[in-house]
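S.K.: Structure incoming, see below.
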Amino acid sequence: MKRFLWLVLAVGVTPVTGFEVVPPRALTDRVLVIEVSDGRTVRESLGHGDNGRIIEDPLDVKEADRRSGYDVVGVVSKRSLGVESVGRKSKGTQFVRTAAWELGHVKSHWLYVKLAKPMERGERYTIRAPFMDPKTITFDETRSRSEVVQVNQLGFRPDVEAKYGYLSHWMGSAGALDLSSYSKRSFHLLDEKTKKVVFSGKPKLGLAARGGEDAYRSNYRLCDLWELDFSEFDRPGRYVIMMEGVGSSFPFRIEKNVYEDAYKTAMRGLYHQRCGCRLDKDLTAWDRPRCHHPDERTILQSNHRITDPGDHFKELQDKATTRQVTAWGGYHDAGDWDRRAVHLSISDALLYVYEAKPGAFPDNQLGLPESGNGLPDIIDEARYNLDLYRRLQREDGGVGGGLESEEHPKFGEASWTDSLRLYAFAPDAESTLRYASTAAHMARLLKSLKKNKMAEAYLETAERGWHWAMKQKRPSADLVLHAAVALLRATGEASYHEAFLEVLKIGGANDPLMSHKKHDQRWGVWHYAVMSESLGDRKLRAMLRQATVRYAETLVIETGSRPFGHGTLTTPDNLPLIAAHRVTKESRFIDQMTLNADAALGANALNICWVTGLGSRPCRAVLHIDSLYDDVPAPIPGIVPYGPMRPLKDPGWTHAWGVKTLFP
C-alpha cells in the first residue's frame, strides 16, 4: 500500500440514487457521447471500514450497444441525421470496501453515437437512446466543451516558448476517433467571456496512432494526437481553445503567475500529509486531531534496520526492545502511516528549489502553522519533515530509517484513531547519510538567513551522523557523495572534498549521472555544480556542470519522455532541468519544464488534472485513507497520484481491482 496512487478515474457524475445519465455532449459534429453512471457508493464509516454500500441500477449494456435504439433529429427540420454505429467504453469509477477484502464498484459508461450526417452550428437536436428520456442539445463549438480538445487547465506564462493544445480521443469498442478530416479546418483561441477570436491556427499531426511516445515505442492514447500550436500568442487573459467542427476545451489562463496555484496546492498537500500534529480548522477545511505523537502513543525501539532483509512488519516486532522513543514528524505515506528516511528527498528537493530563486519563496506564503516566524514557508515545510529524523538520531550519531506500524492500517481506522503498535527502525548507514546530507543543506541555508544558532544545531547533528556512518561497513557511495558535498558546502573543510573525490564515478561530461542498478550520483553532482567558486576544484566543477546539462538534455529534452510507468505522466522529471537551469540560466530548460507539466495539468487523454484540488477536472479517486473518513467530499488537495500505467504481466493488488472493471 505505498504512496499516492492509483484509481485514476473520470469525474463528472454525482448521482443521488441509482442510475443517472449525464446530458449528452457533442464529441464532434459527427459523434455524440452519452455518459451513464450505474449508481453511487456510500463510503465506509470510521470505526468500520468494511461497511461501504453500493446503490445501483446497472445499465443494460446489450440494449445500449444496439444501434437501432438511437436517433438524432433536428428540432426545427424534423429530419433524422441517421446513426451509423454505436461504440462504448466502461470502467469502474467509484470503489468502496463492502467486506474485509472485497472491493465493490460502480461503473460509468460512455456511449459513442456516430452520425451519418453532421450537425450544424447553432441547430438544436433531440437525442433518443434506449436508456433515457429524449434530450435536446444545441451544437455550438464555441460554447460546448468537447473531450477531444485537451489543454493545460491552469494555463501558460506569456513568455513561455511552447504553448500547445491537443486533439485526440479513443472511443472504446468504436476505436480511435479519426480527426484527419478536420485537419484543414482551423482552431481558435476564444476569450472565455466574450467568445471573441484572439488567435487562429491549423492542427498538425503530432503522433500517429501507430507511433511511439516512449522507450517502448507505444502510443498509449491508441489514436492520432493532433497539436494546436499557439506559442506566439502571449496576451494575458482567460481563454478556451475552440476547434471548428469539434468543440472547446476547458478554460485556461495566460498569466505571469499562472503556476502559483499549482505550487501552493502541492505544498499544502505536504502540510496535509504531516504526521504527529493536528491539522487546525483555522488553516484547512480538512482539519483532524493530532496523530501518532509519543504523548499519546508508545513507540518502541527495534533492533531491526530498514536496510535489513525480511518482512519489516515481522522483524520490527521480533527484534523490539522495551526502550521508548520520543519522535514525531515526517509525512504519512498514502495507504499507511510509515515515515521513512527516503522521504528526506522531499526536503532536499524543496531546499534545492528554494536556492534557485529565494525571492520567490517568502514567509507567510503557504498558510502553515509556522508562517510568520521569519523563515520562508518552504524551509519550514522542509524542516518539519527533517526534524523527525533529527529526533531519531542517537547520541553516537546514528539515525534510524523511520517509524513503522506492526502491519498495514486496520480497516476503518484513520491516522488519528490508528490502534496499531509503532516501532522505530534501528540506525543504519544509508538513513544516517540521508539525514546528514539534508541537515547540512538546511544548516547552510539557515546560516544565510542569519539563523545562526539554529544552523549550528543542524550542522552538529549532520557531522555527528557523517562520522557514525563512515565507520559502518560499506556505506553507499552515492549517499556518501551527496553527504560529502553537502558538508563541504556547509563547512568548507577539505576532508569532505577528499571523501567526495573518492566515491565520484562521473569521469566525463557525457557520463550519465544515474545508471540503473549501478549508480545514482545526481544529487552529489547537482550540488557540486552550483557550489561556490571558492570551494572544490575548478576544472572538476566545470566538467560536472557540463555533465549536469548533458544529463538533462539526453534524459528529458532529446528523448521527450521516459518509459511510461509509475508516475511518469503525473510527475514530470523536472529536477534535472532545474539543475541544468541553475547551472546555465538558459530559458530552454524552463520552457521544457512547463511543457513537461502540461500533461499532468490536464493536457492528457482523460482531460484530468493529476493534482487533487487543482484544475477544472481534478483527480479524485486516490488512495488516501484519511480522506475516506473526514467530513469533506473531496480528498485533501495537493496529492499527485501515480496515474495511468502500462499494462503489467502481473498487475498485483494495486491494479487488478480497476482492470477487472474495464470494457473493452
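The values are calculated or read from the model by the stated rules, or taken from the named source; none is laboratory data. Note that the structure is predicted; figures quoted are calculated from it, not measured. Note that each Cβ is placed from the backbone with ideal geometry, even for glycine, and that neighbours are counted across all protein chains shown. The protein model used for the area step is the full one, side chains on, heavy atoms only, and it has no ligands, DNA or RNA in it. Shrake-Rupley method; radii C 1.70, N 1.55, O 1.52, S 1.80 Å.
S.K.: Test of understanding: among Ser181, Ser173, which residue is touching a Lys or Arg at 6+ places or on another chain (Cβ under 9 Å), assigned to a helix (DSSP H, G or I) and free of Cβ contacts under 8 Å to residues at least 24 places away in the same chain?
M.R.: On the way: Ser173 fails: free of Cβ contacts under 8 Å to residues at least 24 places away in the same chain.
Going through Ser181, Ser173 in turn, just one is touching a Lys or Arg at 6+ places or on another chain (Cβ under 9 Å), assigned to a helix (DSSP H, G or I) and free of Cβ contacts under 8 Å to residues at least 24 places away in the same chain: Ser181.
S.K.: Any residue in segment 421-449 that's within 30 Å of Asp318 (Cα to Cα): show its pairings with residues that are of a type in the set (Phe, Trp, Tyr) at Cβ separation under 7 Å, as long as the two are six or more apart or on different chains.
M.R.: Pairs found: Thr432/Trp468; Tyr435/Tyr389; Ala436/Trp466.
S.K.: In addition: Output the residues belonging to segment 359-383 that are surrounded by 15 or more Cβ atoms within 10 Å (Cβ to Cβ), without any contact (Cβ under 8 Å) to a residue 60 or more places away in the chain and not in a loop (DSSP other than H, G, I, E, B).
M.R.: Residues satisfying the conditions are Asp380, Arg383.
One line per residue, one yes/no per condition, for (1) buried (at least 20 other Cβ atoms within 10 Å of the Cβ); (2) out of contact with any helix residue (DSSP H, G or I) (no Cβ under 9 Å at 6 or more places or on another chain); (3) among the small types (Gly, Ala, Ser); (4) not in a strand (DSSP E or B):
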site	(1), (2), (3), (4)
Ser437	yes, no, yes, yes
Met442	yes, no, no, yes
Lys447	no, no, no, yes
Leu479	yes, no, no, yes
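S.K.: If you check Ala603 against the conditions, is it outside any helix (DSSP H, G or I), crowded, with 18+ Cβ neighbours inside 10 Å and modelled with pLDDT of 90 or more?
M.R.: yes
S.K.: Applying the selection to segment 449-477, what residues are surrounded by 24 or more Cβ atoms within 10 Å (Cβ to Cβ), of a type in the set (A, V, I, L, M) and within 15 Å of Arg383 (Cα to Cα)?
M.R.: Going residue by residue through segment 449-477, those that are surrounded by 24 or more Cβ atoms within 10 Å (Cβ to Cβ) are 458, 462, 465-466, 469.
If we keep only those that are of a type in the set (A, V, I, L, M) too, we end up with 462, 469.
Ala462 - this is the single residue of segment 449-477 that is surrounded by 24 or more Cβ atoms within 10 Å (Cβ to Cβ), of a type in the set (A, V, I, L, M) and within 15 Å of Arg383 (Cα to Cα).
S.K.: Here is a follow-up. Scanning for something part of a helix (DSSP H, G or I), open to solvent by 30 Å² or more (accessible area, probe 1.4 Å), touching a residue at least 40 places away in the same chain (Cβ under 8 Å) and closer than 23 Å to Leu555 by Cα, does segment 507-526 turn up at least one residue?
M.R.: yes
S.K.: For segment 348-358, state whether one or more residues are over 19 Å from the mean Cα position of the chain (by Cα), outside any helix (DSSP H, G or I) and free of Cβ contacts under 8 Å to residues at least 40 places away in the same chain.
M.R.: yes
S.K.: Take the conditions at positive phi, open to solvent by 40 Å² or more (accessible area, probe 1.4 Å) and either out of contact with any Gly (no Cβ under 7 Å at 6 or more places or on another chain) or at pLDDT below 95 (or both) and apply them to Leu205. Does it pass?
M.R.: Taking the combined requirement at face value, the residue does not satisfy it.
S.K.: Separate question: Which of the following residues is surrounded by 20 or more Cβ atoms within 10 Å (Cβ to Cβ) and under 30 Å from Ser45 (Cβ atoms): Glu413, Glu430, Glu404?
M.R.: That would be Glu404, the only listed residue that is surrounded by 20 or more Cβ atoms within 10 Å (Cβ to Cβ) and under 30 Å from Ser45 (Cβ atoms).
S.K.: Could you please give the count of residues in segment 243-268 that are more than 30 Å from Gly330 (Cα to Cα), in contact with a Leu (Cβ under 8 Å, 6 or more places away or on another chain) and open to solvent by 10 Å² or more (accessible area, probe 1.4 Å)?
M.R.: 1
S.K.: Name the single residue that is most open to solvent (accessible area, probe 1.4 Å) among those in segment 606-616 being within 20 Å of Tyr263 (Cβ to Cβ) and out of contact with any helix residue (DSSP H, G or I) (no Cβ under 8 Å at 6 or more places or on another chain).
M.R.: Taking the candidates together, the pick is Ser616.
S.K.: Please go through segment 113-165 and give me each residue that is assigned to a strand (DSSP E or B), open to solvent by 30 Å² or more (accessible area, probe 1.4 Å) and not polar (S, T, N, Q), ordered by number. Let's see the steps before the verdict.
M.R.: Taking segment 113-165 and keeping what is assigned to a strand (DSSP E or B), we get 113-115, 124-129, 132-138, 145, 149-151, 155-156, 164-165.
When the remaining residues are screened for being open to solvent by 30 Å² or more (accessible area, probe 1.4 Å), the result is 114, 124, 128, 133-136, 138, 145, 164.
Those that are assigned to a strand (DSSP E or B), open to solvent by 30 Å² or more (accessible area, probe 1.4 Å) and not polar (S, T, N, Q): Lys114, Arg124, Arg128, Asp133, Pro134, Lys135, Arg145, Tyr164.
S.K.: Moving on. If you go through segment 66-98, how many residues are open to solvent by 60 Å² or more (accessible area, probe 1.4 Å) and outside any strand (DSSP E or B)?
M.R.: 7
S.K.: Can you name every residue in segment 219-230 that is open to solvent by less than 30 Å² (accessible area, probe 1.4 Å) and not in a strand (DSSP E or B)?
M.R.: So the first thing to find is which residues in segment 219-230 are open to solvent by less than 30 Å² (accessible area, probe 1.4 Å), and the list is 219, 223, 225-226, 228, 230.
Asn219, Cys223, Phe230, listed by residue number.
S.K.: How many residues are of a type outside the set (A, V, I, L, M, F, W, C) and assigned to a strand (DSSP E or B) when one looks only at segment 29-48?
M.R.: Counting residues in segment 29-48 that are of a type outside the set (A, V, I, L, M, F, W, C) and assigned to a strand (DSSP E or B) gives 5.
S.K.: Something else now. Being part of a loop (DSSP other than H, G, I, E, B) and either modelled with pLDDT of 90 or more or closer than 22 Å to Thr265 by Cβ (or both) narrows it down to one of Leu623, Leu648, Leu628, so name that one.
M.R.: Criteria check complete, one pass: Leu623.
S.K.: Between residues in segment 319-339 that are hydroxyl-bearing (Ser, Thr, Tyr) and at pLDDT 95 or above and residues that are in a strand (DSSP E or B) and open to solvent by less than 40 Å² (accessible area, probe 1.4 Å), which pairs lie under 6 Å by C-beta distance while being six or more apart or on different chains?
M.R.: Every condition considered, the pairs that remain are Thr321/Gln301.
S.K.: Oh, and also: All but one of (1) within 26 Å of the chain's Cα centre (by Cα); (2) open to solvent by less than 60 Å² (accessible area, probe 1.4 Å); (3) aromatic (Phe, Trp, Tyr) hold for Phe199; which doesn't?
M.R.: Result: Phe199 passes all but (1).
S.K.: Can you pull out every residue in segment 297-328 that is surrounded by 12 or more Cβ atoms within 10 Å (Cβ to Cβ), out of contact with any strand residue (DSSP E or B) (no Cβ under 7 Å at 6 or more places or on another chain) and assigned to a loop (DSSP other than H, G, I, E, B)?
M.R.: Thr307, Asp308, Trp328 - these are the residues of segment 297-328 that are surrounded by 12 or more Cβ atoms within 10 Å (Cβ to Cβ), out of contact with any strand residue (DSSP E or B) (no Cβ under 7 Å at 6 or more places or on another chain) and assigned to a loop (DSSP other than H, G, I, E, B).
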